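*Asks:* The structure under discussion is supplied below as structure tokens; questions concerning it will follow.
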Amino acid sequence: MAVIGKIRERGTLLGIIVGGALVLFVVGDFIGNNSGGNDRNVGEIAGKEVSMQDYSTRVEQQVELYRQNGTTVDNELQEQVRNGVWNDILRERTLMVQAQEAGFGNTIGREEYDDIRFGNNILPDFKNNQNFTNPQTGQADKEQLRKYFKYVQENNLALFDMQKRTFVPQRIYAKYNTLVKKSCFVNSAQVQDDWAAKNTKANVEFVAARYDSRPDSLFPVDDTELRRFYDAHKNEPKWAQKSSRAFAYVQFNAKPTEEDLQNAFTDMKAVKEDFALAVGAKADSALVAAYADTKNTKATAYTEGTADHLNDSLIIHADTGVVVGPFREGDNLKVVKVAELADVQEARVRHILLSTQGNNPDEVTAVKQRADSILAVVKKDRSKFESMVEKFSDDPGSKSTGGVYEWFDKQRMVPEFTKASFDEKTGAITIAKTSYGFHIVEVLGQRTRKERRVLTIDRKIAPVQAMKAAWKQANEYSLAHADTAGFRKAAEEQGLAYTPVEELRADQKFVPGLQQVDEVVRWVNHAEPGGKPSEPLASGDSYVVAALTAVRNEGVPALADVREAFTKEVAKEKKADAMMAELKDQIDLDAAAKVLGGNVQAAPDLALNASALPGGYNDPIAVGAFFGLDSAKATAVKGDMAVYMARLNGITPAPPMADGAQDLKGLTDRVRNRAEGQVFNALKEAAGVADDRSKFY
């Protein structure tokens with residue numbers, strides 16, 4: 001809070017630290033030296049154990065920086081930080097090793113370090129941050145960035161140290177990835193193949209019958225058929241199984257009682273007293289950060305009608321400093337303090353946009369000349385403005401209103417448009433150049449309105465007493481059903497919802513239907529097969545009793561784990577065989593359409609590299625088969641989505657390439673754009689990553 005406060009005092013936007021630096025922490029490029037000495041490990045990467053001590057220290061350092069800057073570290077953010085730190089360690093043990101072997105070392109010089117912070121190669125997270133954008137140029141303000149980093153170095157050494165350990169590896173990774181991309185090339189044969197695949201066209205007519213148009217119940221699958229399919233396909237990569245667990249749970253919800261509500265009101269009345277006694281923006285913000293669930297420490301405009309009728313009236317008629325509440329909104333209680341009555345300047349304009357996006361310099365010059373001509377016309381005769389909007393404007397958002405943008409403040413539009421709307425007098429017509437193009441802007445009106453800005457402390461009504469009752473009910477259920485077999489039956493008999501979860505992976509922190517699932521996930525990951533159901537596990541405003549139902553190991557799946565999916569596949573094969581048999585003697589598309597219950601469809605311009613057919617058939621297998629048909633007759637084709645009766649009317653070979661160099665560049669760019677992710681994925685796979693964090697978190 002102290003850092004944010006000082007920065008705000010010096011006129012820097014509140015979001016600078018959070019929006020400019022901490023965005024990197026979520027991604028988590030946090031690199032440091034490993035420290036051993038702990039026999040508990042959270043995983044293994046490239047044959048090296050990841051110690052709990054090292055991992056948890058890194059996590060806590062990042063979390064503490066969030067807290068120092070007034071950010072509430074909830075479960076979701078905590079999990080983001082954990083994942084970020086894990087990815088950091090993964091990168092340093094894979095990507096950093098490769099970068100060092102390629103000769104990039106593990107550090108950079110001071111000149112290069114300054115260059116990526118406020119030089120010519122500013123890091124994207126800062127270059128694209130609006131807090132550091134010069135409103136006149138629309139580019140990153142190097143001087144503002146220099147002052148920011150100087151301030152951080154002098155006032156927040158922890159953040160300064162974190163930034164250095166973040167930015168340096170980022171730079172090394174970027175250089176290594178650039179090297180990888182620049183080493184990727186395609187040859188002329190690949191370009192020819194790509195061109196031919198895109199431009200070789202077939203003229204096809206077909207009738208299709210989807211497999212899902214016939215119910216599975218008409219094609220029963222016995223155990224012998226299922227086993228035969230399983231033995232034939234279990235080793236295919238598409239069926240490779242990831243390590244996971246299956247479980248089921250029964251939830252006991254807690255809703256606030258009247259006693260809970262009264263206690264919450266009593267607590268909020270005390271908060272209201274503190275809020276009323278607080279003097280100044282700093283004190284108000286500190287209270288919001290300390291007490292509010294949403295932690296919005298910046299005064300925001302109050303929209304009339306937000307609160308109930310009585311409290312809404314009190315707020316909109318209150319003087320600055322008055323606190324209204326507590327009052328209830330759904331499951332929350334709120335107190336609202338009127339922080340200020342601000343003067344907000346607004347403008348009403350109409351404009352004509354001539355877009356320059358995607359234009360080359362010569363085209364931009366031509367657009368500017370057209371804008372000057374239109375400006376001259378509407379200055380001479382304003383009555384023509386609306387017709388000019390209809391004829392020339394490229395802004396679909398305002399074309400239907402005659403180009404009019406109703407009252408807006410200085411924060412809504414881009415700087416150049418704002419300048420034309422507020423710096424000119426009412427009635428003025430000027431041209432504003434923005435990143436969108438040239439705007440002919442007429443100022444229709446300007447005004448100042450009073451905006452009531454408020455600070456809100458909101459708190460969810462905690463079901464304290466109700467949670468005690470829910471725990472008791474859950475505990476009785478857990479003790480009464482000590483085996484998994486009776487777990488579901490008991491839930492059904494008692495009218496409780498039994499919820500199965502078929503897959504929970506080790507890296508998964510989400511359970512359908514539950515909130516704040518850490519306790520539940522931790523229990524499932526530690527439970528023993530065949531063991532007892534869990535004790536009551538806290539999950540948001542409820543308790544859960546869970547029962548482990550399956551443990552699946554990585555690799556070839558067991559038949560029981562893929563029984564449902566493989567049964568559907570066998571049924572699909574039987575449908576395909578039945579449909580192909582129906583078409584055995586068919587040679588005419590119209591007759592086949594009657595047999596299959598469909599219509600003849602045309603694909604007159606089907607590309608060789610297409611993956612879909614008209615009618616919503618995403619079926620590359622069928623597309624490939626169509627190109628190999630005998631053009632003399634209609635033929636039955638078994639695809640992935642459907643069975644088809646198709647006739648190939650002809651194939652048009654790809655014409656000669658008009659611009660080989662351009663195609664070469666386009667294909668090379670596609671290969672290079674995929675290279676970074678492909679290399680990292682390959683390094684991860686080669687590293688034999690074992691992520692055991694679920695045993696501890």
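*Asks:* Return the sequence-ordered ³J(HN,Hα) values of the stretch 637-644 in whole Hz as given by the Karplus equation 6.51 cos²θ - 1.76 cosθ + 1.60 applied to θ = phi - 60°, using x for Gly and Pro.
*Replies:* 10, 9, x, 7, 9, 7, 9, 10
*Asks:* Extension gain residue 146-residue 582, at 0.36 nm per residue separation less the Cα-Cα distance, in nm? The partial results should precede the final answer.
*Replies:* Working: separation 436, 0.36 × 436 = 156.96 nm, distance 7.56 nm.
Stretched out fully, the residue 146 to residue 582 stretch lengthens by 149.4 nm.
*Asks:* Compare the Cα positions of 373, 262, 566 along the charge dipole of the chain (+1 at Cβ of Lys, Arg; -1 at Cβ of Asp, Glu; about the Cα centre) and return the one farthest towards the positive end.
*Replies:* The Cα lying farthest towards the positive end belongs to 373.
*Asks:* Gain in length, residue 279 to residue 158, computed as 0.36 nm per residue apart minus the alpha-carbon separation, to one decimal in nm? Walk me through the numbers on the way to the answer.
*Replies:* Values: separation 121, 0.36 × 121 = 43.56 nm, distance 3.03 nm.
Fully extending the segment from residue 279 to residue 158 adds 40.5 nm.
*Asks:* Which one of 426, 221, 314 is farthest out on the positive end of the charge dipole of the chain, using unit charges on Cβ (Lys, Arg +1; Asp, Glu -1) and the Cα centre as origin?
*Replies:* 426
*Asks:* Please list the non-local residues whose amide H lies under 5 Å from the amide H of residue 509, H modeled 1.01 Å from N, same-chain partners needing a gap of 5 or more.
*Replies:* none
*Asks:* Sticking with this structure for a sec: Return 651, 374, 621 ranked ascending by Cβ neighbour count within 10 Å, so the fewest neighbours appear first. Walk me through the numbers before you get to the answer.
*Replies:* Working: 651 16, 374 22, 621 13.
Fewest to most other Cβ atoms nearby, the residues stand as 621, 651, 374.
*Asks:* Name the lysines eligible as straight-distance cross-link partners of residue 391: C-alpha to C-alpha under 25 Å, and not fewer than 8 places from it in the same chain.
*Replies:* Hits, sequence-local ones excluded: 368, 379, 380, 399, 433.
*Asks:* Between residue 468 and residue 621, what length in nm is gained on full extension when 0.36 nm per residue of separation is reduced by their alpha carbon distance?
*Replies:* Details: separation 153, 0.36 × 153 = 55.08 nm, distance 5.86 nm.
Result for the pair: 49.2 nm of gain on full extension.
*Asks:* If you don't mind, there's one more thing I want to ask. Assigning unit charges at the beta carbon (Lys, Arg +1; Asp, Glu -1) and nothing else, what dipole magnitude in debye, to the nearest 20, does the stretch 256-462 show about its Cα centre? Present the calculation step by step, with values, prior to reporting the outcome.
*Replies:* Numbers: 30 positive and 33 negative charges, 186 e Å.
It works out to roughly 900 debye.
*Asks:* Thinking of the stretch 256-462 as a set of Cα atoms, what percent of all their pairs are more than 25 Å apart?
*Replies:* Details: 11501 of 21321 pairs.
Above the 25 Å cut-off, the stretch 256-462 has 54 percent of its Cα pairs.
*Asks:* State, to one decimal in nm, how far the label point of residue 449 lies from the label point of residue 44, with both points 7 Å from Cα in the Cβ direction.
*Replies:* Going from the residue 449 label point to the residue 44 one covers 6.5 nm.
*Asks:* Please list, in order along the stretch 348-354, the HN-Hα scalar couplings obtained from phi with the Karplus expression 6.51 cos²θ - 1.76 cosθ + 1.60 (θ = phi - 60°), rounded to whole Hz, x for Gly and Pro.
*Replies:* Per residue, the Karplus-derived 3J(HN,Hα) values read 10, 9, 10, 8, 10, 9, 10 Hz.
*Asks:* If you take the charge dipole of the chain about its Cα centre, with +1 on Lys and Arg Cβ and -1 on Asp and Glu Cβ, which of 644, 289, 511 is farthest toward its positive end?
*Replies:* The one lying farthest along the dipole's positive direction is 289.
*Asks:* Going by how many other Cβ atoms sit within 10 Å of their own, how do 689, 524 line up, fewest first?
*Replies:* Values: 689 17, 524 25.
Result, fewest neighbours first: 689, 524.
*Asks:* Gap in Å between the Cα centre of the stretch 471-514 and the Cα centre of the stretch 324-380?
*Replies:* Computed from Cα coordinates, the inter-centre distance equals 53 Å.
*Asks:* Based on the alpha carbon coordinates of the stretch 91-190, what radius of gyration and maximum Cα-Cα distance (Dmax) apply, in Å?
*Replies:* Values for the stretch 91-190 (Cα only, Rg and Dmax): 16.5, 59 Å.
*Asks:* What FRET efficiency comes out for the pair residue 253/residue 213, r = Cβ-Cβ distance, R0 = 30 Å, nearest 0.05?
*Replies:* On the way: r = 41 Å, r/R0 = 1.38.
So, using R0 = 30 Å, E works out to roughly 0.15.
*Asks:* Over all distinct Cα pairs, what is the inverse of the mean 1/r for the chain, reported as the Kirkwood hydrodynamic radius in Å? Don't jump to the answer; show the numbers that get you there.
*Replies:* On the way: mean 1/r = 0.0309 Å⁻¹.
Hydrodynamic radius (Kirkwood, Cα pairs) of the chain is 32.4 Å.
*Asks:* Next up: With a cut-off of at most 10 other beta carbons within 10 Å, and DSSP calling the residue loop, which trypsin sites (Lys or Arg not before Pro) in the stretch 603-667 qualify? Please list them. Intermediate results must be reported in sequence, preceding the final value.
*Replies:* Values: sites: 633, 638, 647, 665; in loops: 633.
Those satisfying the criteria are 633.
*Asks:* Using the Karplus curve 6.51 cos²θ - 1.76 cosθ + 1.60 with θ = phi - 60°, what ³J(HN,Hα) values do you get for each residue of the stretch 124-135, in whole Hz, with x for Gly and Pro?
*Replies:* For the stretch 124-135, the Karplus-derived couplings read x, 5, 9, 4, 9, 8, 4, 5, 10, 8, 6, x Hz, x marking Gly and Pro.
*Asks:* Could you list, in their original order, any pairs among 238/665; 201/684; 201/234; 574/594 whose Cα atoms are separated by more than 30 Å?
*Replies:* 238/665; 201/684; 201/234
*Asks:* In debye, nearest 20, what is the charge dipole magnitude of the chain about its Cα centre with +1 on Lys and Arg Cβ and -1 on Asp and Glu Cβ, if you could check?
*Replies:* Charge dipole of the chain: 1680 debye, to the nearest 20.
*Asks:* Would you calculate the convex hull of the Cα atoms in the stretch 169-247 and tell me its volume per residue in Å³?
*Replies:* Details: hull volume 24.6 nm³, N = 79.
Value for the stretch 169-247: 311 Å³ per residue.
*Asks:* Under 5 Å between amide H atoms, partner at least 5 residues away or on a different chain: which partners does residue 613 have, H built in plane at 1.01 Å?
*Replies:* 618, 619
*Asks:* Here is a further query. Could you work out how far apart the two model spin labels at residue 227 and residue 654 are, taking each label as a point 7 Å from the Cα in the direction of the beta carbon, and quote it in nm?
*Replies:* Here the modelled spin labels are 4.9 nm apart.
*Asks:* While we're looking at this one, here's another question. So what is the relative contact order for the stretch 256-462, in percent, with contacts set as C-alpha pairs under 8 Å and at least six apart?
*Replies:* Values: 354 pairs, mean separation 67.9, N = 207.
About 33 percent, as a whole number.
*Asks:* So for the pair residue 137, residue 115, with labels modelled 7 Å out along Cα→Cβ, what separation do we get in nm?
*Replies:* That separation, rounded to one decimal, is 1.8 nm.
*Asks:* Moving to a separate point now. What Kirkwood hydrodynamic radius do you get for the stretch 580-697 when you take the inverse of the mean 1/r over all pairs of distinct Cα atoms, in Å? Please report the intermediate quantities before stating the final value.
*Replies:* On the way: mean 1/r = 0.0542 Å⁻¹.
Computed over the stretch 580-697, the radius equals 18.4 Å.
*Asks:* Using the number of other C-beta atoms within 10 angstrom as an exposure proxy, rank 373, 285, 421, 313 with the fewest first.
*Replies:* On the way: 373 10, 285 24, 421 28, 313 13.
Listing 373, 285, 421, 313 from fewest to most nearby Cβ atoms yields 373, 313, 285, 421.
No value in this document is a laboratory result; all are computed from the given coordinates. Values in this document were obtained by computation on a predicted structure and should not be read as measured data. Please note: Cβ atoms are built from the backbone with ideal geometry, for glycine as well, and neighbour counts cover all protein chains shown.
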